[in-house]
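Q: Below: one structure in structure tokens.
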Amino acid sequence: MKCLRWMPLLFILLTGSEAVSGENDSLKYENQLLETELRIAHTPQVYSIFDLKNKRIWLKARGLLLRELNIETFRVWGNLPAVKAGTLIRKSALFPPRRVLVNPKAGDEEAQPSVETLELKDMPTNYTLVLEGNVSISVRPKPTRLLSSLWSIRYPVQWYLGRPVLTVWHALWRKPFASIEIVLEESDARSLYWSFLEGMKAIVFSPRSRP
Amino acid sequence: MRHKRPILNTLFILLAAFLVVEATGFYLAFRSAPEEETVSAREKIKSERPGNLKARNAQLRETLGGLHPQGIYVVIDTGRSTLYLRDKKRVISEAVASSGSGSILVEPNGRRKWVFDTPRGEFKVESKTRHPVWRKPDWAFIEEGKPIPKNVADRLEEGAMGDYALGFGTGYFIHGTLYTRLLGKNVTHGCVRLGDEDLKAVYRAADIGTKVYIF
């Protein structure tokens, strides 16, 4: 019966230490993110931070926020570290935008400004960004109509059937593999494709990605 | 019925193999610790006091803030064709702009190629000119199907760049335009075009050394 008296105290101690550990983890992840960002911000290039905790994508330079995009939903496959930095190696889309080839005018033609150009509206909304270290970020548009909602059912099917196969494939080659699927508003998905260029740095911040 | 059995068996084996691969994939994906988080790192953090971490993070945030530009700076969102004049987080003014068309020009003999993109990243205003005269580069003549002049004087064109020009890199300028109806469209060869009044405001606000961020 005597031990029962100590039970509340024990409970307080245990839950208290859990809270301290949680706070410590949060501070630790923030510290990792800041350290990583500081390294990248010393260079004069634009970089992006995929903050999955706060469901935001930030385009930054020198630590300065240039543009913020909202993530509607996301899911993470694989064991990503809380802070993962990498260079964008490749952007792939089924219908990537095509650059216009300018035809030099004949000498007697009057020069007119070209209006066949690449605009934001020409950017795809459904594409994959591959970061170094085999981290792929699949960007999907938020379905806006009934038909697109129905069509988007294929994404979870692809996700749960395709990702395990890719994981095994990469494991056979002893390579790490992690994947993130992000759903954005259509205009934001286009903006990200436009602004995030190959060779740029990215930080993926996913402190809660562990199962 | 006899013919169907081997097919069913094969299908069953394939399905079983696929399920094994799927299960292995799930197991491999979530089994191991993240590559960059070692046991020693975790132990080190456990021993770190929250107060110390808070102080360290505050210091890091301050260092990061120290990289921000001092005073007025220019931000150009090429996707939304907008130029912002900003001071810290405050937007002083915004203007409709035009930037690089992204198109490609190849010299008829195939020797040289130009991609008309506006460069991205951090730059600074390196020069400021009133009533700039455009010294047309080779591509301007090739695009117009004209011979490239040998004399520099034949390359000069007045009025094409508007009333002011701010140079921010090797051959790139923020300048005016004769084609104001095309403002907001990405039609340039890499420079950033503004309307007359907006250009005047930027010219007045941005000194030499003013940071320019393009994305």
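The values are calculated or read from the model by the stated rules, or taken from the named source; none is laboratory data. As the structure is a computational prediction, the values presented were derived from the model and not from experiment. Please note: Cβ atoms are built from the backbone with ideal geometry, for glycine as well, and neighbour counts cover all protein chains shown. To get the accessible areas, we keep the full protein, side chains included, count just its heavy atoms, and leave off ligands, DNA and RNA. Shrake-Rupley method; radii C 1.70, N 1.55, O 1.52, S 1.80 Å.
Q: Given the criteria in contact with a Phe, Trp or Tyr (Cβ under 9 Å, 6 or more places away or on another chain), modelled with pLDDT of 95 or more and in a helix (DSSP H, G or I), does A:ILE57 qualify?
A: So A:ILE57 does not fit the description; no.
Q: Could you list, in sequence order, all residues of region B:53-78 that are touching a residue at least 60 places away in the same chain (Cβ under 8 Å), open to solvent by 10 Å² or more (accessible area, probe 1.4 Å) and either out of contact with any helix residue (DSSP H, G or I) (no Cβ under 8 Å at 6 or more places or on another chain) or within 7 Å of chain A (Cβ to nearest Cβ) (or both)?
A: Across region B:53-78, the qualifying residues are B:PRO69, B:GLY71.
Q: Here is a follow-up. For region B:71-105, name all the residues that are outside any strand (DSSP E or B) and either touching a strand residue (DSSP E or B) at 6+ places or on another chain (Cβ under 7 Å) or over 20 Å from B:HIS175 (Cβ atoms) (or both).
A: Scanning region B:71-105 gives B:GLY71, B:THR78, B:GLY79, B:SER81, B:LYS88, B:LYS89, B:SER99, B:SER101, B:SER103.
Q: Now for a separate question. Which of the residues belonging to region A:159-186 are within 12 Å of chain B (Cβ to nearest Cβ) and out of contact with any Leu (no Cβ under 9 Å at 6 or more places or on another chain)?
A: Of everything in region A:159-186, those that are within 12 Å of chain B (Cβ to nearest Cβ) and out of contact with any Leu (no Cβ under 9 Å at 6 or more places or on another chain) turn out to be A:TRP159, A:TYR160, A:LEU161, A:GLY162, A:ARG163, A:VAL165, A:LEU166, A:TRP169, A:LEU172, A:ARG174, A:LYS175, A:PRO176.
Q: In region B:170-196, how many residues are on the phi > 0 side of the Ramachandran plot, within 14 Å of another protein chain (Cβ to nearest Cβ) and open to solvent by 10 Å² or more (accessible area, probe 1.4 Å)?
A: 1
Q: Filtering region A:60-79 down to residues that are assigned to a loop (DSSP other than H, G, I, E, B) and open to solvent by 30 Å² or more (accessible area, probe 1.4 Å), which residue is farthest from the other protein chains (Cβ to nearest Cβ)?
A: Taking the candidates together, the pick is A:GLU72.
Q: What residue, among those in region A:134-169 that are part of a helix (DSSP H, G or I) and in contact (Cβ under 8 Å) with a residue 60 or more places away in the chain, is most open to solvent (accessible area, probe 1.4 Å)?
A: A:ARG163
Q: Further, regarding this structure: Which members of region B:8-31 meet the condition of being in contact with a helix residue (DSSP H, G or I) (Cβ under 7 Å, 6 or more places away or on another chain) and either in contact (Cβ under 8 Å) with a residue 12 or more places away in the chain or open to solvent by 60 Å² or more (accessible area, probe 1.4 Å) (or both)?
A: B:PHE26
Q: So, A:THR36, is that one in contact with a strand residue (DSSP E or B) (Cβ under 8 Å, 6 or more places away or on another chain), modelled with pLDDT of 80 or more, surrounded by fewer than 20 Cβ atoms within 10 Å (Cβ to Cβ) and under 22 Å from A:GLY199 (Cβ atoms) or not?
A: yes
Q: Do we have any residue at all in region B:137-149 that's at the interface with another protein chain (Cβ under 10 Å from one of its Cβ atoms), within 29 Å of A:SER195 (Cβ to Cβ), of a type outside the set (Phe, Trp, Tyr) and open to solvent by less than 20 Å² (accessible area, probe 1.4 Å)?
A: Scanning region B:137-149 turns up at least one residue that is at the interface with another protein chain (Cβ under 10 Å from one of its Cβ atoms), within 29 Å of A:SER195 (Cβ to Cβ), of a type outside the set (Phe, Trp, Tyr) and open to solvent by less than 20 Å² (accessible area, probe 1.4 Å).
Residues are listed down the side, and each one gets a yes or a no for (1) closer than 30 Å to B:ILE72 by Cβ; (2) free of Cβ contacts under 8 Å to residues at least 60 places away in the same chain; (3) outside any loop (DSSP other than H, G, I, E, B); (4) of a type in the set (Ser, Thr, Tyr):
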site: B:LYS128; (1), (2), (3), (4): yes, no, yes, no
site: B:LYS146; (1), (2), (3), (4): no, yes, no, no
site: B:GLY162; (1), (2), (3), (4): yes, yes, no, no
site: B:LEU166; (1), (2), (3), (4): yes, yes, yes, no
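Q: Related question: Only one of (1) surrounded by fewer than 15 Cβ atoms within 10 Å (Cβ to Cβ); (2) basic (Lys, Arg); (3) at pLDDT below 90 fails for A:LYS105. Which number is that?
A: Only one criterion in (1) surrounded by fewer than 15 Cβ atoms within 10 Å (Cβ to Cβ); (2) basic (Lys, Arg); (3) at pLDDT below 90 is unmet by A:LYS105, namely (1).
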